[in-house]
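The structure appears below as structure tokens.
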Amino acid sequence: MFKATRLYSILFNKCPCCHKGSFFIDGNPYRLKHFDKIHSHCSYCQEDFVREVGFYYGAMYVSYGLSVGIGIGLFLILVVWAGLNVLPFLICYSLLILFLSPWVFRKSRLVWINLFVRFNPDYIGTEEKMRIKKNN
Ligand SMILES: [Zn+2]
């Protein structure tokens, strides 16, 4: 569906270049011992995931944006739509952000590297190329 788009890499934790190799060592973000560990290179195309020291500092901006977006969405649902007071909203938001922080951390890194690494269609097979061409 999203194959060959940046969204595919972000949603399925795949290499931004080939969409084949895994980006993170452990697929589960809630195994807290390994939730932040990434492979140094893609196992399929050898794309460098650790591009330079401090490369992922920029992912903090993405993380901030995601967290604010989640907060705005939750505010619209709980306060504007459901009519809750601000205090229950803040408690719910704090708990939700705490629960989602490993997931937000991972998606932020994937969004960040996808800003700099483009998908290379040479890494997909001809059948997939034909399917993508047909869908577009
Ligand atoms: Zn790759």
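Since every read-out is calculated from the coordinates, none of them should be taken as a lab result. What you see is a predicted model, and the numbers here were worked out from it, not measured in a lab. Cβ atoms come from the backbone with ideal geometry, glycine included; neighbour counts cover every protein chain shown.
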Please identify the pairs in which a residue from region 1-16 that is farther than 20 Å from Arg51 by Cβ has its Cβ atom under 7 Å from the Cβ atom of a residue that is assigned to a helix (DSSP H, G or I) and more than 14 Å from the ligand (Cβ to nearest atom), counting only partners at least 6 apart or on another chain. Phe2/Leu11; Lys3/Glu128; Lys3/Ile132; Ala4/Ile132
Given (1) surrounded by 15 or more Cβ atoms within 10 Å (Cβ to Cβ); (2) within 17 Å of the chain's Cα centre (by Cα); (3) within 16 Å of Val117 (Cβ to Cβ), Val50 misses just (1)
Hits in region 3-25 - residues which are surrounded by fewer than 19 Cβ atoms within 10 Å (Cβ to Cβ), part of a loop (DSSP other than H, G, I, E, B) and within 14 Å of the chain's Cα centre (by Cα): Thr5, Asn13
Any residue at all in region 26-47 that is outside any loop (DSSP other than H, G, I, E, B), closer than 19 Å to Arg106 by Cβ and within 16 Å of the ligand (Cβ to nearest atom)? yes
